[in-house]
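Engineer: Can you keep this structure in mind? I'll have questions shortly.
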Amino acid sequence: MSDFTFIRTSVKDQVASIQLDRPKVLNALNRGMVTEVITAMEMFDRSDDVKVMMLSGKGRAFAAGADIDEMAGDGPIDFEMNNPFADWDRIAKVKKPVICAVHGFALGGGFELALACDMIFAADTAAFGFPEVNIGVMPGAGGTQRLTKLLGKPQALEWLWTGDKMSARKAYDYGVVTRLTAPELLFEETEAFARRLVKQPPLSLRLIKEAVDKAVDHPLDEGMQLERKNFYLLFASEDQKEGMNAFLEKRRPDFKGK
Amino acid sequence: MFETINYQVHNNIAWITMNRPDKLNAFIGQMNKEVQQAVKQANGEESVRCLVITGEGRAFCSGQDLSEVNEDTNLGDIIRSNYGPMIKEIARCDKPIVAALNGVAAGAGMSLALACDFRIASEKASMVEAFIHVGLIPDAGNLYYLPRLVGHAKALELAILGEKITAAEAKEFGLVTRVVPEASLETEVTQFAERLASMPTKAIQLIKRNLKESWTMELDEYLEKEAQGQRIAGLTADYKEGVEAFLQKRKPEFVGK
């Protein structure tokens, strides 16, 4: 189904797969690729055939970083005028669950892309890192912000200042990675989890995500208000009636996403 | 391409031979790096299904070459830059590694042997925790692997007293798999390595992986690891072949896939 150049997409039983497809350069992220990723995500976000999205990389690594060639000659005014990071902001606006499967490396922009997803599943042999400091720059697509929210300031600074690689195990211990799997089973396990979410009521998943995102960035009271509104809102859904009836009737619910 | 070691692949077995016989194969930084590279290369070569590490001449390996260190040397940095990466590369290796102990394995030479999966010793071979005699502690992963092989009390005894361990004692302590006559070491090691190289390579990898993880995981987490391991093994051609051969009452021919 894809008219894309840098990624491949497919949909199977309501799980959409977006795969970075520049394996020869370890899926180095160029601007075209990022635009295609967000375009695909927004397309799947609106599609009735999709309930959950998976993002992964083809070849030896998820993504080894940004395409340095592309930006090496740029000046600040070029960045201001091209506004290349604007696409990244749109990833955070996707409403359906997005699960990232990381094997090999997720470095620099690759790590930022993984962090922009809702969850990271990682092969236990994978490694993460922000090596930007080693070439005289720093993360520019959310790395300093999202890593710090997960790790706290002192730990985040250590990784960002040194550029050292974080093992998948370490990332798991920090809570950056939700689940570690054997490398051979990364895609199978990620898909199995996505399939589990497919069976959950989609409206609940959606409003839970919105409320959790609110918790990350807003004062507690604001989050509480939104949570309450979302809770009330779900009582307008058929799935709420189905869920509660099934519970009372001691049977399995059949959710319709309405 | 290697200068301090020989590297050869025969019959699916990668032979890594430390080759500084006039120095009893003592480690210099270059040899650490070359052993590390050779293990990485063997692990990556699809045809290789077993590794053997041994020494040229009288010794397996006599440990750090002391001519490379002086009183200004930061010994911690030697571990960080030379031994640590080598030991980690060995730990990362998916394939079985046999240490063929042709002679003395002293200090870091003993540590290297401990980091391997199997140790087959010539009856003339010995091990020595030499470190204490110069006021140092066993390094290159030595105290990590030693208690896992012989238990805490014996490890403490060997490391602190630093007495020479004969091949027979090593066998008794569980430090070596097998002791063989000096003259037949090469034949015995070859046969042993060939046996490993004809086994289900993926299953061996998964056993190594899970045993290692068992030291650091809670039972629940381990059992999930086990489920994934068995799922992976169940997808191999060798599993299919094993079951077929069993049903047909013949010897299986495993291809390592």
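The values are calculated or read from the model by the stated rules, or taken from the named source; none is laboratory data. Since the structure is predicted, the reported quantities are computational estimates derived from the model, not experimental observations. No Cβ is skipped: glycine too gets one built from the backbone with ideal geometry, and neighbour counts run over all protein chains shown. The area values use the complete protein model at the heavy-atom level, side chains included, leaving out ligands, DNA and RNA. Shrake-Rupley method; radii C 1.70, N 1.55, O 1.52, S 1.80 Å.
Engineer: Based on Cβ point charges of +1 for Lys and Arg and -1 for Asp and Glu, what charge dipole magnitude is obtained for chain B about its Cα centre, in debye rounded to the nearest 20? List each step's numbers first, then the result.
Structural biologist: Working: 29 positive and 35 negative charges, 165 e Å.
My answer is approximately 800 debye.
Engineer: How would you classify region A:114-258 from its alpha-carbon gyration tensor, with a ≥ b ≥ c the square roots of the eigenvalues: rounded for a/c under 1.5, else prolate if a/b is greater than b/c, otherwise oblate?
Structural biologist: On the way: a/c = 3.44, a/b = 1.71, b/c = 2.02.
Oblate.
Engineer: Label-point separation (nm) for residue B:133 and residue B:88, each offset 7 Å from Cα along Cα-to-Cβ?
Structural biologist: 3.2 nm
Engineer: Put a dot 7 Å past each Cα toward the Cβ at residue A:196 and residue A:228; how far apart are the dots in nm?
Structural biologist: 3.2 nm
Engineer: Chains A and B: buried accessible surface, both sides, probe 1.4 Å, rounded to 100 Å²?
Structural biologist: Working: alone 14340 and 13530 Å², together 27140 Å².
That pair hides around 700 Å² of surface in total.
Engineer: Please give the residues of region A:51-77, grouped as numeric ranges, whose backbone N is less than 17 Å from a label point set 7 Å along the Cα-to-Cβ vector of residue A:24.
Structural biologist: Within reach of a label on residue A:24: A:58-61, A:64, A:67-70.
Engineer: Turning to a different aspect of this structure: Using the alpha-carbon atoms, what tilt in degrees (0 to 90, nearest 10) does helix A:31-46 show relative to the longest principal axis of chain A?
Structural biologist: The two axes meet at around 0 degrees.
Engineer: In Å², and per residue, what accessible area does region B:5-197 have when probed at 1.4 Å with the other protein chains present? Don't jump to the answer; show the numbers that get you there.
Structural biologist: On the way: 8630 Å² over 193 residues.
Ligands and nucleic acids excluded, the result is 45 Å² per residue.
Engineer: Shifting gears a bit: Helix A:153-162 sits at what angle to the longest principal axis of chain A, using alpha carbons and giving 0 to 90 degrees rounded to 10?
Structural biologist: 40 degrees
Engineer: Over region A:7-199, average the accessible area per residue using a 1.4 Å probe and give it in Å², no decimals.
Structural biologist: Values: 8930 Å² over 193 residues.
I get 46 Å² per residue for region A:7-199.
Engineer: Quote the charge dipole size of region B:201-247 about the Cα centre in Debye, to the nearest 20; the model charges only the Cβ of Lys and Arg (+1) and of Asp and Glu (-1).
Structural biologist: On the way: 7 positive and 9 negative charges, 48 e Å.
Here region B:201-247 has a charge dipole of around 220 debye.
Engineer: Which lysines, if any, have their Cα less than 24 Å from the Cα of residue B:40, not counting same-chain residues under 8 positions apart?
Structural biologist: A:24, A:58, A:165, A:170, B:88, B:95, B:202, B:208, B:212, B:257
Engineer: Let me ask you something else. If you filter region A:1-101 for trypsin sites (Lys or Arg not before Pro), then keep DSSP loop positions with at most 11 other Cβ within 10 Å, what is left? Numbers along the way, then the final one.
Structural biologist: Details: sites: A:8, A:12, A:24, A:31, A:46, A:51, A:58, A:60, A:90, A:93, A:95; in loops: A:51, A:58, A:60, A:93, A:95.
Here the sparse-neighbourhood loop sites are A:93.
Engineer: Suppose every Lys and Arg Cβ carries +1 and every Asp and Glu Cβ carries -1, with no other charges. What dipole size does the protein assembly as shown come out with about its Cα centre, to the nearest 20 debye? Write down the numbers at each step before the final one.
Structural biologist: Values: 63 positive and 73 negative charges, 337 e Å.
Here the protein assembly as shown has a charge dipole of around 1620 debye.
Engineer: Sort B:217-226, A:71-80, B:26-35 by the packing proxy (mean of other Cβ within 10 Å over each peptide's residues), most packed first.
Structural biologist: Values: B:217-226: 13.0, A:71-80: 9.8, B:26-35: 21.0.
Listed from highest to lowest mean packing, they are B:26-35, B:217-226, A:71-80.
Engineer: Sort the following peptides by mean Cβ neighbour count (other Cβ atoms within 10 Å, averaged over residues), highest first: B:241-252, B:55-66, A:221-232, B:199-210. Write out the running numbers ahead of the final one.
Structural biologist: Numbers: B:241-252: 11.4, B:55-66: 22.2, A:221-232: 13.5, B:199-210: 19.4.
The most tightly packed comes first, giving B:55-66, B:199-210, A:221-232, B:241-252.
Engineer: When the accessible area of chain A is split by element with a 1.4 Å probe, what percent falls to carbon and sulfur?
Structural biologist: On the way: 7740 of 13960 Å².
Roughly 55 percent, rounded to a whole number.
Engineer: With r as the distance between the Cβ atoms of residue A:42 and residue A:81 and R0 = 25 Å, compute the FRET efficiency 1/(1 + (r/R0)^6) and round to 0.05. Don't jump to the answer; show the numbers that get you there.
Structural biologist: Details: r = 24 Å, r/R0 = 0.94.
Calculated transfer efficiency: 0.60.
Engineer: Also: Using 0.36 nm per residue, how much length does the chain from residue B:67 to residue B:80 gain when fully extended, once their Cα-Cα distance is taken away?
Structural biologist: Working: separation 13, 0.36 × 13 = 4.68 nm, distance 1.90 nm.
Answer, rounded to one decimal: 2.8 nm.
Engineer: Please report the antiparallel percentage of DSSP beta bridges with both residues in chain B, rounded to the nearest 5. Don't skip to the end; give the middle numbers.
Structural biologist: Numbers: 8 of 30 bridges.
Antiparallel bridges make up about 25 percent of those DSSP assigns within chain B.
Engineer: Across peptide A:187-196, how many C-beta atoms of other chains are within 10 Å of each residue C-beta, on average? Don't skip to the end; give the middle numbers.
Structural biologist: Numbers: counts 0, 4, 3, 0, 0, 0, 0, 0, 0, 0.
Mean partner shielding for this stretch: 1.
Engineer: Residues of region A:140-184 losing 30 Å² or more of accessible area relative to the isolated chain, 1.4 Å probe, heavy atoms only?
Structural biologist: Output list: A:169, A:182, A:184.
Engineer: Another question, if that's okay. Kindly tabulate the residues in region B:225-257 with an accessible-area decrease of at least 20 Å² between the chain alone and the assembly of all protein chains, using a probe of 1.4 Å.
Structural biologist: So the qualifying set is B:225, B:228, B:231, B:232.
Engineer: Over chain B, with a single point scatterer placed on each C-alpha, what log10 of the ratio I(q)/I(0) does the Debye formula yield at q = 0.15, 0.16 1/Å?
Structural biologist: -1.10, -1.23
Engineer: Continuing with this model, one more query. Indicate, rounded to the nearest 5 percent, the antiparallel portion of the DSSP beta bridges found entirely in the protein assembly as shown. Each step should come with its number before you reach the end.
Structural biologist: Numbers: 16 of 59 bridges.
Around 25 percent antiparallel, to the nearest 5.
Engineer: Related question: Between B:215, B:155, B:4, whose Cα lies farthest towards the positive end of the dipole of chain B when Lys and Arg beta carbons carry +1 and Asp and Glu beta carbons carry -1, centred on the Cα centre?
Structural biologist: Farthest towards the positive pole: B:215.
Engineer: Among B:233, B:121, B:84, which residue has its Cα positioned farthest towards the positive end of the charge dipole of the protein assembly as shown, with +1 placed on the Cβ of Lys and Arg, -1 on the Cβ of Asp and Glu, and the dipole taken about the Cα centre?
Structural biologist: Result: B:233.
Engineer: Let me ask something additional. Roughly how many percent of the accessible protein surface of chain B is carbon and sulfur, given a 1.4 Å probe and a whole-percent answer?
Structural biologist: Working: 7140 of 13180 Å².
Percent of accessible area from carbon and sulfur atoms in chain B: 54.
Engineer: Under the classification rounded if a/c is under 1.5, otherwise prolate if a/b is larger than b/c and oblate if not, where does the protein assembly as shown fall, given a ≥ b ≥ c as square roots of the Cα gyration tensor eigenvalues? Present the calculation step by step, with values, prior to reporting the outcome.
Structural biologist: Details: a/c = 2.29, a/b = 1.80, b/c = 1.27.
Judged from the Cα gyration tensor, the protein assembly as shown comes out prolate (a/c at least 1.5, a/b above b/c).
Engineer: Moving to a separate point now. Using alpha carbons only, how many angstrom separate the centre of region A:34-68 from the centre of region B:1-69?
Structural biologist: Value for the Cα centre distance between the two parts: 44 Å.
Engineer: So, one more: Between residue B:169 and residue A:162, what FRET efficiency comes out of the Förster formula 1/(1 + (r/R0)^6) with R0 = 51 Å and r the beta carbon distance, rounded to 0.05? Write down the numbers at each step before the final one.
Structural biologist: Details: r = 45 Å, r/R0 = 0.88.
Rounded to the nearest 0.05, the efficiency is 0.70.
Engineer: Grab the Cα-Cα distance for residue A:134 and residue A:245, subtract it from 0.36 nm times how many residues apart they are, and report the gain in nm with one decimal. Could the numbers behind the result be given before it?
Structural biologist: Working: separation 111, 0.36 × 111 = 39.96 nm, distance 5.81 nm.
Computed gain between residue A:134 and residue A:245 is 34.1 nm.
Engineer: Indicate the gyration tensor shape class of region A:211-258 (rounded, prolate or oblate), computed on the Cα atoms with a ≥ b ≥ c the square roots of the eigenvalues: a/c under 1.5 is rounded; otherwise a/b larger than b/c is prolate and the rest oblate.
Structural biologist: Working: a/c = 3.03, a/b = 2.96, b/c = 1.02.
Verdict is prolate for region A:211-258.
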